[in-house]
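Novice: Attaching a single structure in structure tokens format; questions to follow.
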């Protein structure tokens, strides 16, 4: 019953909107991606005398770099669809990377306790990292759902606390000497595979399951969703728990890829994930967004970072442009929302 009413909780589309929706919204975002890539290709020949697109090594590095941000962005997308925000993702990445890596060390601490014990199996540090991320997400969700604290404040508190835990855990010292089994998940194309599998799972979950219907219904109209019988508090905890779980997975992949862990890992990752999500068409007002758009938005962010590096643009200029793009994406979203209300 709640599922059927939740479907009705979202705004009813006008005939003009239904005609527009015959063309997937991701097509326009994909066109933006193609346009940006072509601009860098042209600029590359003009200023560098090299091709930006036809360099397999550069493209491989770019895809690997965006994989971790993409994993986080999948969770952030679901949070934003509910009308919330998650500022803690980057700090959770750093915290989970440190703790998971400590369990993945080919080191002395297990043997000191149990002299006959070999290195811990790779799935134990991975599981520990996922559980730590899940716990952080549950705390965020409980604070938001049970106490009524705005998501911005709750996740800001977690952002500061998780970064503090990452520094405290080893007194700021890096964790190195990780086992080859653990490092394997970060080698080759594995981070990209993890990202695509995560994106596929939650694309299906949002589009074809009751979980997705409830998520969109809460973001579209929380009061209507509550009246329809949806347990808002319980569902928000689930959404934030998933976001935390994916941040934990990103932390594990980050540590495995670097083959070490440092407390400063994941700094500003939350803003990159939010940027990728907004660029991908997810509305900050809630109720609108798709994982496919987030995937394309993540690639756009990667193309821009790689393109600026290719053109030898200084890093601080890259941050300025990235900030402008986030603002522009929000302005476009506000404009779309106004047009939707008019129609």
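Novice: Being exposed (fewer than 15 other Cβ atoms within 10 Å of the Cβ) and modelled with pLDDT of 95 or more is true for just one of 215, 187, 209. Which residue is that? Don't jump to the end; show me each part of the working.
Specialist: On the way: 215 fails: exposed (fewer than 15 other Cβ atoms within 10 Å of the Cβ); 187 fails: modelled with pLDDT of 95 or more.
Within the list 215, 187, 209, the selection yields 209.
Novice: Okay, next question. Return the residue satisfying two criteria in turn: it lies in the stretch 115-138 and is without any contact (Cβ under 8 Å) to a residue 40 or more places away in the chain and part of a helix (DSSP H, G or I), and of such residues it is surrounded by the most Cβ atoms within 10 Å (Cβ to Cβ).
Specialist: Looking at the filtered set, the residue picked out is 128.
Novice: Return the only residue of 288, 313 being closer than 28 Å to residue 48 by Cα and outside any helix (DSSP H, G or I).
Specialist: 313
Novice: Check residue 247 against each of (1) over 17 Å from residue 30 (Cβ atoms); (2) touching a residue at least 60 places away in the same chain (Cβ under 8 Å); (3) surrounded by fewer than 24 Cβ atoms within 10 Å (Cβ to Cβ) and name the one condition it does not meet.
Specialist: Residue 247 satisfies every listed condition except (3).
Novice: OK, next. Somewhere in the stretch 221-239, is a residue outside any helix (DSSP H, G or I) and at positive phi?
Specialist: Yes; the residues of the stretch 221-239 include at least one that is outside any helix (DSSP H, G or I) and at positive phi.
Novice: Somewhere in the stretch 134-144, is a residue in contact with a strand residue (DSSP E or B) (Cβ under 7 Å, 6 or more places away or on another chain) and farther than 23 Å from residue 71 by Cα?
Specialist: No - not one qualifying residue is present in the stretch 134-144.
Novice: Only residues that are more than 24 Å from residue 296 (Cβ to Cβ) and either touching a helix residue (DSSP H, G or I) at 6+ places or on another chain (Cβ under 9 Å) or at pLDDT 90 or above (or both): list them for the stretch 15-46, please.
Specialist: Within the stretch 15-46, 45, 46 qualify.
Novice: Quickly run through the stretch 282-304 and pick out the residues that are surrounded by fewer than 20 Cβ atoms within 10 Å (Cβ to Cβ) and closer than 19 Å to residue 268 by Cα.
Specialist: The answer is 284, and nothing else.
Novice: Follow-up. What's the total number of residues in the stretch 144-155 that are surrounded by fewer than 16 Cβ atoms within 10 Å (Cβ to Cβ), assigned to a helix (DSSP H, G or I) and at pLDDT 95 or above?
Specialist: Of the residues in the stretch 144-155, 2 are surrounded by fewer than 16 Cβ atoms within 10 Å (Cβ to Cβ), assigned to a helix (DSSP H, G or I) and at pLDDT 95 or above.
Novice: Can you name the condition, by its number, that residue 259 falls short on among (1) closer than 30 Å to residue 102 by Cβ; (2) surrounded by 21 or more Cβ atoms within 10 Å (Cβ to Cβ)?
Specialist: It fails just one condition, (2).
The values are calculated or read from the model by the stated rules, or taken from the named source; none is laboratory data. Computed from a predicted model, the values in this text were never measured in an experiment. For neighbour counting, all protein chains shown are included, and Cβ atoms are generated from backbone atoms with ideal geometry for every residue, glycine included.
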